[in-house]
Amino acid sequence: MESSGTGALKRPGEEVTWQGALYTLQAQAKLPLHAGALTALALQDFAHYVRFGKQTVSLFSPIKTRLPEWFRNYDWPQLIVHERTSFLPNDIGITDLQLPLFSIRISSPERAILECLYLSPDTLNLVECYQIMEGLTTLRPQVVQYLLEQCRSIMVKRLFLYMAEKARHEWFKRLDHAKLDLGKGARSIVKGGVYVETYALNLPEELVKL
């Protein structure tokens, strides 16, 4: 395995982990890759809901990033999902997570919840996203503000603001909405949903009624 690039992941007798692989890709291959969305929130104890079935690990990178063959072909016990997107600049809202033998770069809670909303509603349920949002009472408003200003997805920004206001977070009151480009026109998340005029969103009824 050493010649294929995985030698740095483990010592003899040790199990290969996705965290070790991510460290190798970040520190040695210098790939602009980080763990994000629910994966990052769970690593920081913000995802308090049990998800059954095979664990999903969400890795984010710029669109043109390609993972090496040894990583793509390895039989991981988790489902590794590589999200290539430009909806946020890759180098903002990132933090270092210290593990016993090394550290890996992951999304801060402020960025991770935006990534969750980016994956919704196809990959993540909007109700689950809101339940996670409810627990994010300590987000840093200055970090949130900067991320929202840099975010290229109108849908993500509107969903974030709708959920943050609905959750009545104190940090929401410190955001400068005048500096946020929320686009024009309505956005529909689902057909036959409930229209929320404040953010011009057509949302699932089960979310609006929470």
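Scanning the stretch 59-81 for residues that are farther than 16 Å from Gly20 by Cβ, surrounded by 14 or more Cβ atoms within 10 Å (Cβ to Cβ) and not aliphatic (A, V, I, L, M), which turns out nearest to the chain's Cα centre (by Cα)? Among them, the one singled out is Phe60. When the stretch 16-41 is filtered for residues that are more than 16 Å from Asn73 (Cα to Cα) and assigned to a loop (DSSP other than H, G, I, E, B), the ones remaining, listed by number, are Gln28, Ala29, Lys30, Leu31, Pro32, Leu33, Gly36.
Here is the figure for the stretch 30-58: residues that are at pLDDT below 95 and exposed (fewer than 14 other Cβ atoms within 10 Å of the Cβ) total 8. Of all residues in the stretch 138-189, those that are among the polar types (S, T, N, Q), assigned to a loop (DSSP other than H, G, I, E, B) and over 19 Å from Pro109 (Cβ atoms) total 0.
Kindly establish whether Cys116 is crowded, with 21+ Cβ neighbours inside 10 Å, in contact (Cβ under 8 Å) with a residue 40 or more places away in the chain, touching a helix residue (DSSP H, G or I) at 6+ places or on another chain (Cβ under 9 Å) and in a helix (DSSP H, G or I).
Yes, satisfied.
The values are calculated or read from the model by the stated rules, or taken from the named source; none is laboratory data. Since the model is a prediction, treat every value here as computed from it, not as a measurement. Glycine also receives a Cβ, built like all others from the backbone with ideal geometry; neighbour counts cover every protein chain displayed.
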